[in-house]
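Participant: Quick one: the structure is below, questions incoming.
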Amino acid sequence: MERAFFLIIAVSLAFGVGCMGRNRKIGFGWAFGLSLLNVFIGLVAVLLSKRIPHDEINKVERKEEQE
């Protein structure tokens, strides 16, 4: 029971770091994957990766809406 609780906490934290990486060069998937290994490593990787310019983010969102 205790292990399940810590697993849920770990996956939740990894999801949060993954969401932070969504608008960065690293992306959600890599940020989430690294955070599953170790939350601090994933967080450092996200914070060190470059942000994607808002112009490119808007282009991707518009393209997804049209499909």
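The values are calculated or read from the model by the stated rules, or taken from the named source; none is laboratory data. Here the structure is a predicted model, which means the values were calculated and not measured. Positions of Cβ are backbone-derived with ideal geometry, glycine not excepted, and every protein chain shown enters the neighbour counts. Remember, those area values only see protein heavy atoms, side chains included, never the ligands or the DNA or RNA. Shrake-Rupley method; radii C 1.70, N 1.55, O 1.52, S 1.80 Å.
Participant: Is it the case that some residue within the range 14-24 is assigned to a helix (DSSP H, G or I), open to solvent by 90 Å² or more (accessible area, probe 1.4 Å) and out of contact with any Phe, Trp or Tyr (no Cβ under 7 Å at 6 or more places or on another chain)?
Facilitator: No - not one qualifying residue is present in the range 14-24.
Participant: Could you please find all residues in the range 25-46 being assigned to a helix (DSSP H, G or I) and open to solvent by 100 Å² or more (accessible area, probe 1.4 Å)?
Facilitator: TRP30, LEU37, PHE40
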